[in-house]
Structure formats: structure tokens, C-alpha cells
Amino acid sequence: MLKLPSLPGIKSSVFTKFLMSYVIVFTVPFMILGVIIYALTFDIVKTQTEKTYLNAVHDAAKNVDAKMESLHVLSAHISELQWVQKIMYMRGNTVDYNAINPFAFNYYMNDLITLKGINGFVTDMAIFFREKDLVLSSQGKHSLSSFFDDAFYYDGLTADYWSVLLAERNFAAMKYPAQVLTYKQPRKLLAYMQSLPMVDKDFKATFLAFIDENTLKDSLNISTISDSGSLYVIDRDGRYVTGINADDEMKKLLTVQNAKQPSLLEGSIANLKSPNGDDHIAIRSDSTVNDWSFIATIPLSTAMAKVNRIKTLTLWITVLSVVTGLIVSYILALRNYTPLANIVKDISPRMLNMPGASKRPNEFNFLQKALHSMLDYEDRTKEDIEIYKPLVRNSLFIQLLEGKPAPSSSKLLEIMEITYNNSFFTCASVVLDSDRAIPEDVQNDVIAQLSKRKNAVYFVDIGGKHKVIVINSAYKEQIEPSIEEIVCAFKNAGITYKAIGVGKTCKGLDELCSSYREANAALDYRFIRGNSSVIFYEEIEDAFTLPAYYYRTEKEDHLVNFIRFGNYDEAIKLFHEIVDNHITNAALPPAVARNLFYNMAACALKALEDLNIDIQQAFHMDEFLHMETYSEMTGYIEELFRHVCEIIIRKKESKNTVLRDEVLSYIHEHLTDRNLTLTSLADQFGSSLSYLSRFIKNQTGTNFVDYLNKRRIELSKTLLARELTIREVALQVGFDNDLTFRRLFKKYEGINPGEFKSIAGGEKK
């Protein structure tokens, strides 16, 4: 007797494939003979009829599913509306009318009316804010009791019933068609309920959509079914929802059968005997959106005729051919499979008993995976390194540009692919026209071109429009041609830039920060040189070697921030302080004083540029350049600051997303800085503590401290997977000590950092 070889832990899908191949070869010809005989009469009528009705049921189900899916999309859209979010997360049990103007509710109702019109499927809609006992609909503002007692009265259902129902979390829940008095007008409505936010267990509101039953029936009214049969919509629990040409007796039969045990599988066609004894064809299609089933019933006499006479003969022929083919197929498949099974069993007895071996799909995959497991692990490790390498390299260069010492370990620089064979380093500071990064293909092109000169080049993303290019060259004379290569590559790629400032060449990575400061200083002259200019620090160095003015860069940053926030009084105050210290008290030469005024004007233009506001509408360079007295230039600067602040205030009143992006970007860039506090952030952006605290809370949904700690904990999870101690990780992400870090990690992640490090280490292995 032929017997299948036993292989522990191996699923013989190879044997199954052999068997199926022979089954197809030896059974299909016999089956085709039977099918041809039967198809002459039975399939011509039955197949086409069933296909027509099946497609009709699917179409009806798809129509309704599309409508229901639109409700999910509508729910998601409503939950993202700013005013819905504002009311949901408003503290207290009542609406704070200091935060929301009462007249704003008219606009909210108009929003709901507009969304209802766009959807087209919904008769009416409402949002119930459960903590505020507020129902806002397209018809008006109500309490829960007044809404269901006066506006939408369900016969026999009190407001207390709805209060209990809406107190639970509802995900696309349905209240089936019932008689409702909507503003004293009787209608039969279906209610759709969706808790908001949709992904949050602690929901704050419930979206209600009311659908007229006739609207639902219109989606079901497929002529193929309605002309010759009936269509019933039944839920998973056997409850009748609605239907077309529904018969009460048949409805009872279908609901009872569906409640006990579904009689039809999705997309199947079966015979069904009605209560009056007539045979019907029953076709079912299940919803892909909710738990509804769409069952169509068509009288058998209408659909079938004269096809049963040859059914018995065809059936016997088919069974005989299948049995014969299966026997032959099994014998041949076993003979071909036995050699493979014996080889696997002989050469891999230990591997067959390995944990998880039973999950191997077949013998071929078992052997293949055993041979390549080590290679796969190595590839995954390399992929992980490649993913984090650009981020770490960029962060390392930012630290060098800020003046922090270069890493003492050359191994780290090697891993980050920072190799320099030349002595000289030069920083080129670039201000692009947009926030997008320099494309990789452009970077690769520049690297390839400069490598021909034996120069190395690194691209650093400072954030926003500001990029830095670090050039490592053997000779100072190579810098200018290298910059020309970069400009040419930008032009060929269609990358537009406002200016490129090039610092002086320095020796060693530790002096890179000085070249970076000089490059930024050269950038300030772009407002005189014009857009797309390349400015070398050597060209404007004389302006810094005259009996010069000097003030800390923080003052200029504060001046820019005062202007950027529209704080005219503080900006003018700081401007006069700088001017008095350098001109009135220090008696600067006219040429140097003129440069000081140019710098002050540049601060206003920097503020405009950061906010993407057209510079030309605020500044006329020719007029300013021809002024000859300090008083004229002072008056012009004062008027310029006033005009710029007015433009910025108007821009801010319409939209404050720029401030949000800058604040969050600044937090992310200085995430690991232990001195980052709400006070330092307020000083940086020229804002009060209370305003900035409220602003961050509104924009992120949490206060500054929680937001900062959560971001640091997220960053620490990456570092914990490396060969670092918990204390080293805590200090690197910005905490003063590891005790605070451990406490906050446990608070936000549910486990302590040591447990997380063990888990991460296990996954890595």
C-alpha cells in the first residue's frame, strides 16, 4: 500500500502541488465532457440567470455600501473640523462663551447644512457633545432632551433612552427605520451613530446622521430584481432593516433563518421554499461596510425551465471522472514526491525539529530559509544602519556648526561616512526659495563633480529654507570653482535660491563654526546684491574690519523676532538702543554707520522673508541707498518697521500656522538642549509666557512640558537600542539626570527603560 512519507514539522505543500497538477491533468478532460453535455441546457439558462441576479444583488449591496462608506468619511471629516475639536476638548460641563462667540453657532450649522448637501444621502445630521449636553444640528442648537422630544421624536423612545445609548461608544452603529416626528413632520428614518474622535476610546461626542428609508430604498431599487423578485436587507442578528417588494411571510422566514444560522454564504445561490410552498432562488451578498446581508428571492419557475432532465446523468459522469482522476493523480504524485521527502529527512534531521519548523510552508522553502537566515539577518542590520545614518550625520554636522567639538572617535566618523583627506574646510550657507530638501540626485551629482577635484562635500539640513554645504578641499583656491559647480548643478536641476553665503576657509572640523558664522554674515548682503547672488565673506570683510560696530547676535535675533511677531514698540526700542550705543555714543564713521542701518533694515526683511511675504511691497532699496543723513535713515527705518509690523499683524490675524511651525521646529531642533524651557522659548520668539503656553496647548493638545518630554522619550527609544547606558541616553536626549528620565519613561511607555532596552536588544538579536 502506498503511504505518504512522514516529515515532522513539515507541511507537505509540495506533495499537494504535485497532486493538484495531476488532478488537473487527469480529471479536467472527464469533467469537461460532463460539463459540455450539461451546459447545452442547464448552464445556458441557469448560469446567465444566476449571474444576472447575483450581479444585481452585488450592485444593490455596493450602492448601499458606498452610501454607508460616505458616512464614515463624513464622520472623519466632521471630527477634524476645528470648531468640533474646540468644543469637544473644551474644559467643563458647559460651553465657554468666552472662547466661542454665540453667533458662531450659526456658522457651525451652515457647515452641517453644506456637508449634508454635499453628501446627498443624509436627510439630516447632528453632533451630540456629551460632556456639554449640547446637540448641534443643521436645524439648530438643543439639549439632548429637547432634541429628541421636540426636534426628532421617536415614537415610544424617551430622551433617557437616547442618553443611555449615546453614553456608550458607538462605531458606525445603526438604529433601523422607525417612525419619527421631525419638527412635527412624520417620516420613517434610519439613524447612524459614530463616536468622535473615531480612533479614541475616550470619546467626546457622537455624530448622528438620519437617513430617510425611501432614500435607502432608492439605492436598492435595481430593476433586474424589482421587476421579477424581492430584495430583503437583514442584519447579522436576523432583524429586518428594509426591502423592495417585500413579502411579510417571506420576510419572517428569512429573518428567523438568518438569526438561527445563515442559510446562504456570501455571493451564493440556493433554493428556498416560501411559506406558501413556492420554490425560489435565494441570492445573498454581504455588506463590506456593516453587518447587513442583502438577500434577493426570485421564483424558481421564472428563472429555471427544462434543465433538470439530464442533471442526474451528468452528475454520475462527473463523479466517476473525478474519482478515477483522483486515484491516478494520488499514485503519480506520491511516486514523484517520495525522493524529495527522503532527501530532506536524511540531510536535515536536526533542522526539522527546530522551534518554528512546523510553520515552514514546504520543503523547498524550509531548505532555502535555513541557508539564507544569516544573510537575511546581516541585510536587516545594514538596512537599520542606513535608515538612521543620514539623520545622525546631519545632527553631527549641526553640532559642529554650533561650535561643539568634533567627536574624538574616528570610528564614529567612519560609520557616518564622514571621511576627509584634505586640511581645509569651507561652509557655504544657502537660503532656498522653498522649504523642500535638496534632492538626492542633485546632491549625488555635486558630490561626483567635486570628487573629480579630490574634494569632499557634505549637505546639512538646518531646517526650513536654510541649508549648509561643507566643502573639504586640499587648497583654498579650489573653493571658488567648487561653488561654481554647485551653482551650475542647482540651475540644471531647477533649484532656485535667494543667495549663497560663503565663509572663509578654515583648518579642521573644530573651526568649522567660524566659517559657518562668516557664511551667515555674508548672507545678510543678499538684500543689497539681489536674489540668486553668491557672496564670499572676503568680499565684504572690510565692513567688519573698519572701526566697527558690534553687538551680540542675540540682539539681532530678538529684533527680528519682535518684528516677526508684529511687536513694533519693542522693535523700535531695541533699534534705538543699538543706534544710540554705536552712533550717538561711539561716533562711528559714516560708512560704518550706513552699514549698521543696512543691517537694521535687513532685520525687517528677514522677518518678512521667514513669513514668505513679498519684500518689494515693504522696501524700496534705491530710496534707502540714497539717503545721506542719520535722521533720514532713522525715520525711514522707523516707518519701515511700522509698515512691516502692520503687514505681519494682518497676516497673523488670518493665519498663525507659521508661528506654530516655527515654534515646533525650534523645539525639535533644540530637543536635546537641557536649557530649553518655556521662558527661553518665549524670549526666542519675543512672546509672553502666558500667550506662548496657551498657543502650544491649543496647537498640540498638551502643555509645553508634556509635549517636550514625550518627544524626548520618543527619541530615547532609538538610542536605547544601541550600546549606551540609560544615564548616557538620558543626558543625550536632554534630561538632567537618569532618575527623571526613568520616571517619565515609565509614565509614558508603561515600562521602565531597562525593560524596553532588553526587549529592543532581543528583537535586534
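The values are calculated or read from the model by the stated rules, or taken from the named source; none is laboratory data. All values derive from a computational prediction rather than experimental measurement. Here Cβ is always computed from backbone atoms with ideal geometry, including for glycine, and neighbour counts include all displayed protein chains. Accessible surface is based on the protein model in full, side chains and every heavy atom, while ligands, DNA and RNA are left aside. Shrake-Rupley method; radii C 1.70, N 1.55, O 1.52, S 1.80 Å.
Partner aspartates and glutamates whose Cα lies under 19 Å from the Cα of LYS454, excluding those fewer than 8 positions away in the same chain, are identified as GLU414, GLU417, ASP445, GLU477, GLU480, GLU484, GLU485. Working from label points 7 Å from Cα in the Cα-to-Cβ sense, the THR158 to ASP461 distance is 6.1 nm. Of the residues THR52, THR27, ranked by 1.4 Å probe accessible area with the largest first, the sequence reads THR52, THR27. The figure for ARG284 is an accessible area of roughly 20 square angstrom, using a 1.4 Å probe on the protein chains alone. Extending 7 Å from the Cα toward the beta-carbon at both ARG169 and GLU477 defines two label points whose distance is 7.3 nm.
Evaluated over the Cα positions of segment 669-765, the convex hull gives a direction-averaged projected area, one quarter of its surface, of 6.6 nm².
Using a simple charge model, +1 on the beta-carbon of Lys and Arg, -1 on the beta-carbon of Asp and Glu, nothing else, what dipole does segment 63-113 show about its Cα centre, in debye to the nearest 20? Write out the running numbers ahead of the final one.
Working: 3 positive and 5 negative charges, 35 e Å.
Magnitude of the dipole: close to 160 debye.
If R0 is 25 Å, the Cβ-Cβ spacing of ASN276 and SER228 corresponds to a FRET efficiency of close to 0.90. For segment 80-135, the calculated P(r) over all alpha carbon pairs, in 10 Å bins from 0 to the bin holding the longest distance, is 21, 53, 23, 3 percent. Report note on the peptides 423-429, 753-759: ranked by the mean count of other C-beta atoms within 10 Å, highest first, their order is 423-429, 753-759. Estimated at the nearest 10 Å², the accessible area of HIS466 is 40 Å² with a 1.4 Å probe.
The length gained by stretching the chain between GLN82 and ASN737 to full extension, at 0.36 nm per residue less their Cα-Cα distance, is 231.9 nm. In this calculation the C-beta distance from THR52 to ASN245 is compared with R0 = 22 Å, giving a FRET efficiency of 0.85. The heavy atoms of GLU440 offer some 140 square angstrom of accessible surface to a 1.4 angstrom probe. Here's how it looks for LYS454: its modeled amide H is under 5 Å from none belonging to a residue 5 or more places away or on a different chain.
Legend: calculated FRET efficiency, ALA493 to TRP316, from the Cβ-Cβ distance at R0 = 60 Å, rounded to 0.05, equals 0.20.
Normalised by residue count, segment 159-217 yields a Cα convex hull volume of 90 Å³ per residue.
Count Lys and Arg as plus one, Asp and Glu as minus one, and take only other residues whose Cβ is under 15 Å from that of PRO186; the net charge is then -2. Calculated translational diffusion coefficient of segment 60-193 (4 °C, 1.567 mPa s; Stokes-Einstein with Kirkwood radius over alpha-carbon pairs) equals 82 µm²/s. Put ARG187, ARG564 in order of accessible area, highest first, and with a 1.4 Å probe you get ARG187, ARG564.
Label-to-label distance for ASP510 and ASP96 is 5.4 nm, based on points extended 7 Å past Cα in the beta-carbon direction.
For LEU196, the residues whose modelled amide H falls within less than 5 Å of its own, excluding neighbours fewer than 5 places apart on the same chain, are LYS204, ALA205, THR206, PHE207. Kirkwood analysis of the Cα pair distances in segment 197-253 returns a hydrodynamic radius of 13.9 Å. The length gained on full extension between ASP291 and THR419, counted as 0.36 nm times the residue separation minus their Cα-Cα distance, comes to 39.9 nm.
How do TYR537, TYR420 stack up against each other in accessible area, from largest to smallest, with a 1.4 angstrom probe? Show your work: numbers first, answer last.
Values: TYR537 30, TYR420 90 Å².
The most accessible residue leads, giving TYR420, TYR537.
Under the Kirkwood approximation applied to all pairs of distinct alpha-carbon atoms, what is the hydrodynamic radius of segment 673-730 in Å?
Computed over segment 673-730, the radius equals 12.9 Å.
Legend: distances between Cα atoms for LYS67/LYS251; LYS717/LYS746; LYS62/LYS204; LYS404/LYS697; LYS184/LYS252; pairs beyond 21 Å are LYS67/LYS251; LYS62/LYS204; LYS404/LYS697; LYS184/LYS252.
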